[in-house]
Structure formats: structure tokens, C-alpha cells
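Enquirer: First the structure, then my questions, so here it is.
The values are calculated or read from the model by the stated rules, or taken from the named source; none is laboratory data. Here the structure is a predicted model, which means the values were calculated and not measured. Note: ideal-geometry Cβ built from the backbone for every residue, glycine included; neighbour counts use all protein chains shown. Ligands, DNA and RNA are stripped out before the accessible areas are found, and what is left, the full protein with its side chains, is counted by its heavy atoms. Shrake-Rupley method; radii C 1.70, N 1.55, O 1.52, S 1.80 Å.
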Amino acid sequence: MAKKALITGVTGQDGAYLSEFLLNKGYEVHGIKRRSSLFNTDRVDHLFDGHHDKSRHNFHLHFGDMTDSMNLTRLISDIRPDEIYNLAAQSHVHVSFETPEYTANADALGTLRILEAVKFLGLESKTRIYQASTSELYGKVQEIPQNEKTPFYPRSPYAVAKMYAYWITVNYREAYNIFACNGILFNHESPIRGETFVTRKITRAVSKIALNLQDCVYLGNLNAKRDWGHAKDYVKMMWLILQYKEPKDWVIATGQTTMVRDFVKLAFLYCGIELEFKGQGVDEIGVISSIDYQKALNLNIDLSHLKIGQVVVKIDPRYFRPTEVDLLLGDPSKAQNELGWKREFSLPDLVDDMMQSDLKLMKRDQFLQNNGYKIMRYYE
Ligand code: NAP
Ligand code: F7E
């Protein structure tokens, strides 16, 4: 019998990669998606063959919501999963300042609803639970680097909600003997990262600037430092965490930290554009300092519309947060020693992967624009 996995947040970045990973391992995968007035399954459409094709029946989607206890309990009762990966969340830190109550409901109480359903249904000894915890728990960091023992100091409604989820997971493990684990994952990105997280916002904007579809990108705090890895490497760790001999909480990180400003430089450099930053605070600007036209031509990009000295990065204070997390740097030693955590993607590999994908998408937009179609504006 194939193992059954239930993934909340299946339509998100991690949900999509994890589904692919588990299907390749022979799992029967069930995902919970929200009803939406527009299609929201872009990231998993390639895995879904519809309800009527009997040849590939390992991937199932169910309507549901983290704010609906009855719905979650019924789905868990019907599916009786061996493993639950609780990935669903209002996951945008900045947005959590605008929607703090909803964020707490989905991210904190949503986790409780999953745990309580497993207990209520008597599945404590059958169902293992992975909780998507986060480096945001460390917030105003109490030590560098951060490990499993570093005290938490959350700095946003998102992080505070995730702190409740972290501790309720620990509590249900200790109180009811449920195999429930926290993966404290540091930032992980990919070509299918949500468009308003900073890495994807940058790779999309740089691609548009290189293709003459946009002049300049507006960003917030360029000094923030993040420990960025590739989501493909991280979903494998979610699975390994649930295969370990005992339930524990784990830091998954690269052990390297990079400033937002340097990520911007790497993304431009991919297209042959070198940047220098001038000025300070809200007046800081990113200026083109050299152009490698040949490197761009090798990517089939014509940079003749760009000039040395042109400003392509500006600051917009609307992207500043009321309280910021300045520096995250994870210490993944425990996962390296006990889970065998090793990653395939370095930071330059990640930038290359994202830039390659976004250039392809933006070339499609360029083609549409040249043929008279209006390109959608995205809120960033
Ligand atoms: P994501 O792309 O934002 O995906 C979030 C998923 O949750 C989406 O499928 C979303 O559905 C779903 N969702 C949101 N609210 C929901 C609700 N009320 N009911 C049901 N589903 C809901 O996030 P991600 O980057 O894949 O991250 C996965 C998880 O890991 C999240 O819990 C996040 O907080 C956590 N995490 C992420 C990172 C990271 O760097 N990516 C690091 C640490 C922890 P829609 O598609 O309909 O919006
Ligand atoms: O911001 C700065 C911003 O929104 C990273 C989520 O997946 O990872 C993610 O949270 C940094 C911050 O991710 C812009 O101020 C500058 O310091 O990409 P982000 P995040 O807040 O780190 C953690 C681990 C999670 O758990 C979350 O779910 O970049 N920044 N300028 C900007 N950020 C955004 N979004 N947009 C800007 O224009």
C-alpha cells in the first residue's frame, strides 16, 4: 500500500515541490486548496490529470481552509494520512501587519486545528505531522548564528502566530505522544516563489529591465540579510524530518547570509549589467556602472536601451516594515549530522535558476506586448 500524505498549502511554492517529491517516492498525495474566484493551481497543474483519468490517480485536490475546523477534521478522517505536511499559511511578513487577525487565525489556530483533529480522530500513533516553522521566530536575533536552542524574539504578527504554532506542535507531541515536528526553515526561494517576496520581485524586475519592459525597480530595506536556499533542497528535508527515528525540531539553513543589495547585484550581473549603489537611506539608488553586451547577447538579450549611469533601483519607504528582522543566519549542524542535510543549490545557482526562468517568462510578455496585448500589472 502506498503511503498517504496530506499537504495543506499545496498550491504554494513548497506545496508544489513537495507534491512532486512525494509522488516520485510513490506516495498518494492529497492536497488542500482554497476556493478562489480565479484558478489558483498553476504550480500543481502539471501533477493533476483530472478526476476522470484513471491512469494517474495519485494526486488529489480537496477544497478546504485552515480557518474551518469541521472541513479539516472531515478531510483528515476521510483520508487517514500517514503524514501531514502543514504548509498552509498567510506567509507574507509585511502583509501580516495589515491582516494580523486573519494571519493568527490561519497560521496559529490553523495549526491547532490540524493537531486537534489528529487527536480527536484517534490517529496519534498513525499520523506524523510536519509543521512549517520559520526563521522569522528568531526575529530580533539573540545570537548569531541561530540554532535549535536560540531563544525566539518574533517581530511581526506573522512570526508571533508562527510562534504559537511552534509551541502547540511541541505541546501536542509531549502531551499526546504525536509524532509532530517543527522544521525551522530559513528563507528558501525558487522560480515559483510568490512574486511579492523580495528575491522573486528582484528577478522579475531585472528581467523586465533587461528586456526594456520596465525602467526601474522600487525596493525597501536593502540592508536586510537573509540566509537564502533553494526550495527544492528544503522540501526534501521536510520529508526526512518525518522519516527520522524520533520527533524533533530542526533548523534547516545554508549557513550563509547575504544582503538584499547583493542579491540585486547578482541578479543584474546574470544579464551582464554591473551595478553600484550610491547615497543612503531613502535616497539610495542603484546605478549601472558597466554593461557586458556580449554576455547579454549570449542570453539573446539586447541591452542597447540601457546606458552607463542609468538609475535602475530606487527606494520606496512603503516597503519598510514597522519592525524589521535585520539579520538571519542559520546553523544547520544538527540537521547535517543527524539527517544528512546537504544541498544541491548554492546562492549563485539559485539566482541563475530564477533569472533563467523569469527571463523566459518576460520574453513571453515581451512577445505579447509587441503583438498588441496588454501585459498585466502586478502589485508588488
Ligand atoms: P506560499 O507560497 O505563500 O504558500 C502558502 C500556501 O498556503 C498557499 O497554497 C496558500 O493558498 C495556502 N493558504 C494560505 N492561507 C490559507 C488558508 N486560510 N487555508 C488554506 N490554505 C491557505 O508559502 P511557501 O513559501 O510555500 O511556504 C510554505 C510554508 O512554509 C508556509 O507556512 C510558510 O509560512 C512557511 N515558511 C516558508 C519559508 C520560505 O522561505 N518560503 C520559510 C519558512 C517557513 P493560495 O495559493 O490559495 O494562496
Ligand atoms: O523579505 C526586505 C524585507 O518578503 C526579505 C517568508 O517566506 O521568509 C519570508 O519572509 C527581506 C526583508 O521575506 C523589499 O524588508 C527589501 O528584510 O522576501 P521577504 P521574509 O520577510 O524574510 C521567512 C523565512 C518566512 O517564513 C516567510 O513566510 O527583504 N525587502 N525590499 C523587501 N521585501 C519585500 N517583500 N519587498 C521589497 O520590496
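Enquirer: Using a Gaussian network model of the chain whose springs link C-alpha atoms within less than 10 Å, name the residue from Pro157, Pro322, Pro332 with the highest mean-square fluctuation.
Expert: In the Gaussian network model the winner is Pro322.
Enquirer: Output the peptides 208-221, 274-287 sorted from most to least packed, where packing is the average of other Cβ atoms within 10 Å over each peptide's residues.
Expert: Working: 208-221: 18.2, 274-287: 13.7.
With the highest mean Cβ count within 10 Å placed first, the list reads 208-221, 274-287.
Enquirer: Which distance in nm do the two modelled labels at Tyr164 and His305 give, with both placed 7 Å along the Cα-to-Cβ direction?
Expert: 4.7 nm
Enquirer: For the range 18-94, what is the accessible area per residue in Å², given a 1.4 Å probe and the full set of protein chains? Each step should come with its number before you reach the end.
Expert: On the way: 4150 Å² over 77 residues.
It amounts to 54 Å² per residue over the range 18-94.
Enquirer: Provide the per residue accessible area, probe 1.4 Å, for the range 205-311, rounded to a whole number of square angstrom. Walk me through the numbers on the way to the answer.
Expert: Details: 4430 Å² over 107 residues.
Ligands and nucleic acids excluded, the figure is 41 Å² per residue.
Enquirer: With each pseudo-label sitting 7 Å past Cα toward Cβ, what's the Glu246-Phe63 distance in nm, one decimal?
Expert: 4.4 nm
Enquirer: Using a 1.4 Å probe on the protein heavy atoms, what percent of the accessible area of the chain belongs to carbon and sulfur?
Expert: Details: 8880 of 17780 Å².
On the chain, the fraction of accessible area on carbon and sulfur atoms equals 50 percent.
Enquirer: Now a separate question. Take each of the peptides 162-169, 5-12, average the number of other beta-carbon atoms within 10 Å over its residues, and list them starting from the highest.
Expert: Details: 162-169: 21.9, 5-12: 26.6.
Highest-to-lowest ranking by the protection proxy: 5-12, 162-169.
Enquirer: Shifting gears a bit: Keeping all protein chains in the complex and leaving out DNA, RNA and ligands, what accessible area do you get for Tyr270 with a 1.4 Å probe, in Å² to the nearest 10?
Expert: Surface accessible to solvent at Tyr270 totals approximately 40 Å².
Enquirer: How many percent of DSSP beta bridges within the chain run antiparallel, rounded to 5?
Expert: On the way: 10 of 44 bridges.
Approximately 25 percent, going by the DSSP bridge assignments.
Enquirer: Would you be so kind as to identify which of Val264, Val282, Thr254 lies farthest towards the positive end of the dipole of the range 167-287, taking Lys and Arg as +1 and Asp and Glu as -1 on Cβ and the Cα centre as origin?
Expert: The listed residue farthest towards the positive side: Thr254.
Enquirer: Sort 363-373, 98-108 by the packing proxy (mean of other Cβ within 10 Å over each peptide's residues), most packed first. Please report the intermediate quantities before stating the final value.
Expert: Values: 363-373: 11.9, 98-108: 18.4.
For the peptides 363-373, 98-108, the packing ranking is 98-108, 363-373.
Enquirer: When all protein chains stay in place, what accessible area (Å², nearest 10, 1.4 Å probe) is found for Lys314?
Expert: 80 Å²
Enquirer: Let me ask something else. Please report, in debye to the nearest 20, how large the charge dipole of the chain is about its Cα centre when each Lys and Arg carries +1 at its beta carbon and each Asp and Glu carries -1 there. Please list the in-between numbers first.
Expert: Working: 47 positive and 47 negative charges, 103 e Å.
Dipole size: approximately 500 debye.
Enquirer: Hey, what does the equivalent ellipsoid look like for the chain, semi-axes from the Cα gyration tensor as sqrt of 5 times each eigenvalue, largest first, whole Å?
Expert: Details: eigenvalues 275, 118, 69 Å².
Over the Cα atoms of the chain, the ellipsoid semi-axes are 37, 24, 19 Å.
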